Amino acid sequence: MLPFAAPLRELSFLSVLLRLFLACACGAVVGLERSAKNRPAGFRTHILVCMAAALAALSGLYLYLVMGLPTDISRIGAQVISGLGFIGAGAIIVTPNMDIKGLTTAAGLWVTGIIGLAIGSGYYEGGIVGTVLVLLTETLLTSLSSRIQKRPLAIFRVYYREKTSLDQVLRTCKDEKMTIVNLRIRLVSGEEEQKKYRADVTLCGTAKTDVLLSKIEHMPGIEGASEA
């Protein structure tokens, strides 16, 4: 703890102004990076989240220290953290190719809210250091993350009638050291005795997809297979 900041940890008009303005500044720093990358939650969103979280923390302190109410000052902060999960979920998008986008933005909103709670509670050091670390993570580590080699994804669309045929396909994929990431099955033809199904199998691995697809096409019970 910094000793010179001790007077600012008391709940006074000056400390309230400082905490709210500092929360807006920290939210703006994080939000600027998101806005520069055209993310859905940008400059203003991060400012509002951080400032609102700081105000929530201040409200808890005010009810306990000034009003003298027998309240748990951490309860409001806990509800803020939970509520930010719903806001973050709205920033996450799953594309038709099963790519997940918006996770970093959602995590950024969540951590920005916690930074606001820290500043609103008077923990200036934690809020400022947290802001710097978030900014470094979202800028400097972006290039490092892109250099990490990821195993390629492949999506196979398989048509079949019997469940045993699909079981054989999945077993073959595992034998080829392919990891089944996702499996979606839907009914294509609804005739009672001639039901036809389509399975979209998302695979992750290093096996040659064309060789594996050729094996699947020639399996008994498989009426068609292609790469989606």
- Would you mind finding the one in ILE47, ILE76, ILE81 that is under 16 Å from THR112 (Cβ atoms) and buried (at least 16 other Cβ atoms within 10 Å of the Cβ)? ILE47
- Query: Counting just the residues of the range 12-58 that are out of contact with any Ser or Thr (no Cβ under 6 Å at 6 or more places or on another chain), free of Cβ contacts under 8 Å to residues at least 60 places away in the same chain and in a loop (DSSP other than H, G, I, E, B), which one comes out farthest from ALA89 (Cα to Cα)?
  - Reply: SER12
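Could you list all residues from the range 50-60 that are farther than 18 Å from GLY126 by Cα and crowded, with 17+ Cβ neighbours inside 10 Å?
The answer is GLY60, and nothing else.
Each row is one residue, and each column tells you yes or no for (1) of a type outside the set (Phe, Trp, Tyr); (2) without any contact (Cβ under 8 Å) to a residue 60 or more places away in the chain.
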| residue | (1), (2) |
| --- | --- |
| VAL66 | yes, yes |
| ARG75 | yes, yes |
| GLN79 | yes, yes |
| PHE86 | no, yes |
| ILE93 | yes, yes |
| GLY102 | yes, no |
| GLY108 | yes, no |
| THR112 | yes, no |
- Subset of the range 187-228 [in contact with a Ser or Thr (Cβ under 9 Å, 6 or more places away or on another chain), under 13 Å from CYS173 (Cβ atoms) and assigned to a loop (DSSP other than H, G, I, E, B)]: GLY205, MET219
- Considering only the range 180-228, state which residues are free of Cβ contacts under 8 Å to residues at least 40 places away in the same chain and among the small types (Gly, Ala, Ser). SER189, GLY190, ALA207, SER214
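Since every read-out is calculated from the coordinates, none of them should be taken as a lab result. Computed from a predicted model, the values in this text were never measured in an experiment. Note that each Cβ is placed from the backbone with ideal geometry, even for glycine, and that neighbours are counted across all protein chains shown.
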